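Input: a single structure, listed below in C-alpha cells.
The values are calculated or read from the model by the stated rules, or taken from the named source; none is laboratory data. Quick caveat, the model's predicted, so the values are computed rather than measured. Here the Cβ positions follow ideal geometry from the backbone for every residue, glycine too, while neighbour counts run over all protein chains shown. The accessibility values were calculated without ligands, DNA or RNA, using every heavy atom of the protein model including side chains. Shrake-Rupley method; radii C 1.70, N 1.55, O 1.52, S 1.80 Å.
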Amino acid sequence: MRFVRNPFAAALLFLHIYIGVRLLPPLGLAAAIAGVALLAVCFWLMPKGYHVRAERSPGMVLTRWIAVGFFSWLLVLTFARDVALLVAAALVSAATLAAWVSASAAAVAILTPLITAVGFVMARRIARVVDVEVRVVGLPAPLEGFTIAQLSDIHVGPTIKRRFVEGVVERVNRLDADMVAITGDLVDGSVRQLAQHTAPLANLRSRHGTYVVTGNHEYYSGAPAWIGELERLGAHVLLNEHVVLDHDGAPITVAGVTDYSAHHFDPSQKSDPRRALAGAPAGAVKVLLAHQPRTAPAAAAAGYDLQLSGHTHGGQFWPWNLFVRFSQPFTAGLHRLGRMWIYTSRGTGYWGPPMRFGIPSEITRIRLTRA
C-alpha cells in the first residue's frame, strides 16, 4: 500500500530489482549475497521525495545523496552492459558471450564505486579557475582586458557549508578581477539556516564590487529575505535593473534580471531583459547576468553584447548532461546567438548528489577583448 501511495518509491524498488537480477547472478553466490545487501542499503538510503532536506544530521544528508550518485552510475552502467550484451549476442559465439557476461558484471561492480569516489572528490573540491576570452566588437580601449569573476550555482545548503564558501572566496580574491558576478542558485535554505555559511561572501574583493541575480532556488528558499541578506553582505542584487560602471573613463553597463521562472513566485518580478536596460547609455558595452540560458533570445533582441548564465551545471555528471538541451538552449561554455555572446557556467558547487565525474565545477574568469 505504501508503494501505491508513492509511485516514485515503487519505481526505485523496481530499478533496484532490475539491477540485482541482471548484475548479480554471474558474480557467484557470495558476491550475489553481498550485492543484495548493498542494494537493500542503497534503496533504504535513497531519498523517496524531498524529505532528505529535513534530516538533522548533515552527515546523513550527504550519505543519502552519495547513495543517489552511486545508484545513478550503477543503473546507467548496468543498462549499458545489457545493451552491449544484446549486440554481442548477435556477433560472437556462445562461449565468448558467456565469458563476457561474467567479466562485464565484474567490471560494473568495480567501476561503480570507483567512479562514485572520483566524482565525489571532484564535486567537493574548490572549483578550479576556467579562463574564457570574449571578443566584443567595438570594445573601448580602456575595457580591453576587463575581467569578470563569475560564480554560479554554489548551492550553499544541506551539504555545502561555510568552509566551502571560504575556499571559493579565497580563490576568487586571488584573481584580482574587475567585478564579481554571481549568477543565481547561491543557496538552498532560509537565511536563518544558512546566514553563517554565506557570511564569507562579504569578503569578496574586486575593483567594482559584487553583483548578484536570483536563481530559481532563491525563490524556493525565500527570495526577499535573501535579497536583503546579500545586500547586507555588500553585494548589489540586480532585479531587472542595471548599473553603469566607469572603468578608466569608459562606461560598461552591467544589467541583471530575475530568474526566468520568478513570476511564478512573484508576478511583479517577471524576468525582463529589456526593462533591465531602461535608461542605459546607448553606446556602452552591455553585459547581462541571467540565471537561466533560456533568457538568451530576449537578451539578444534587447541588444546585449554578453550574457552570463548558469543553472544547468553542465549536466553535473554523465549522462544527464545529454538531457539539458531539452529544457535549455545551451548546456555549458561559450556560444553565439546573433551578435550576442552567451557563456553558461558549469557551476561552482553542485546540487543533490555530490558528483562531478567528467563535468568539473568552475570559477570562471571572463576577459573582454576587442574583436
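Specify the angular offset, from 0 to 90 degrees and rounded to the nearest 10, of the alpha carbon long axis of helix 58-89 from the longest principal axis of the alpha carbons in the chain. That helix lies at roughly 60 degrees to the long axis. With +1 on each Lys and Arg Cβ and -1 on each Asp and Glu Cβ, how big is the dipole of the chain about its Cα centre, in debye rounded to the nearest 20? Here the chain has a charge dipole of around 720 debye. Surface composition of segment 258-301: carbon plus sulfur atoms contribute 54% of the solvent-accessible area (1.4 Å probe, protein chains only, all chains present). Normalised by the number of residues in segment 87-226, the average gap of Cα pairs under 8 Å and 6 or more apart makes the relative contact order 22 percent.
About its Cα centre, segment 24-161 has a charge dipole of approximately 440 debye under the convention of +1 per Lys or Arg Cβ and -1 per Asp or Glu Cβ, with nothing else charged.
Would you compute the Debye intensity of segment 42-187 from its alpha-carbon atoms alone, equal scatterers and no solvent, and pass along log10 I(q)/I(0) at q = 0.16 Å⁻¹ to two decimals? Treating every Cα as an identical point scatterer, log10 I(q)/I(0) equals -0.97. Shape index of segment 156-246: Rg/Rh, with Rg the Cα radius of gyration and Rh the Kirkwood radius from the inverse mean 1/r over Cα pairs, equals 0.95. The residues neighbouring residue 363, those whose beta-carbon lies less than 11 Å from its own, together hold a net charge of +2 under the Lys/Arg +1, Asp/Glu -1 convention. The residues of segment 1-152 present an accessible area of 54 Å² per residue when probed at 1.4 Å with all protein chains retained. Its Cα gyration tensor gives segment 1-47 an equivalent ellipsoid. The semi-axes, each the square root of 5 times an eigenvalue, are 23, 11, 7 Å from largest down. With only Cα atoms counted, the chain has Rg and Dmax values of 23.4, 77 Å.
Once ligands and nucleic acids are excluded and a 1.4 Å probe is used, how much of residue 260 is accessible, expressed in Å² to the nearest 10? Answer for residue 260: close to 90 Å² accessible.
Near residue 340, within a Cβ-to-Cβ distance under 10 Å, what is the net charge of the other residues, with Lys and Arg +1 and Asp and Glu -1? Charge balance near residue 340 sits at +2.
Atom-type composition of the exposed protein surface of segment 51-184 places 66 percent of the accessible area on carbon and sulfur (1.4 angstrom probe). For segment 141-157, putting each phi into the Karplus relation 6.51 cos²θ - 1.76 cosθ + 1.60 with θ = phi - 60° gives couplings of 3, x, 8, 4, x, 4, 10, 10, 8, 9, 10, 7, 6, 6, 6, 4, x Hz, in residue order, rounded to whole numbers and with x for Gly and Pro. Residues in segment 220-329 average 42 Å² of solvent-accessible surface per residue, probe 1.4 Å, ligands and nucleic acids excluded.
With a 1.4 Å probe and every protein chain left in place, work out the accessible area per residue of segment 331-371 in Å², rounded to a whole number.
In whole numbers, segment 331-371 has 34 Å² accessible per residue.
Loop-resident GluC sites (Glu not before Pro) (DSSP state other than H, G, I, E or B) in segment 82-179 with no more than 15 further Cβ atoms inside 10 Å of their Cβ: 144. Largest first, the three principal axis extents of the alpha carbons in segment 107-190 are 57, 36, 21 Å in whole numbers. Distance from the Cα centroid of segment 320-371 to that of segment 20-99 is 29 Å (rounded to whole angstrom). Seen from all sides and averaged, what is the projected area of the convex hull of the Cα atoms in segment 182-333, in nm²? Mean projected area of the Cα convex hull: 9.7 nm². Within the chain, antiparallel bridges make up roughly 35 percent of the DSSP beta bridges whose residues both belong there.
Note on segment 6-93: Cα convex hull, mean projected area over all directions, 6.9 nm².
Taking a straight line from the alpha carbon of residue 48, these lysines sit under 26 Å away, with near neighbours fewer than eight places off in the same chain left out: 161. Note on segment 265-371: Kirkwood radius taken over Cα pairs, Stokes-Einstein applied at 4 °C and 1.567 mPa s, translational D equal to 87 µm² s⁻¹.
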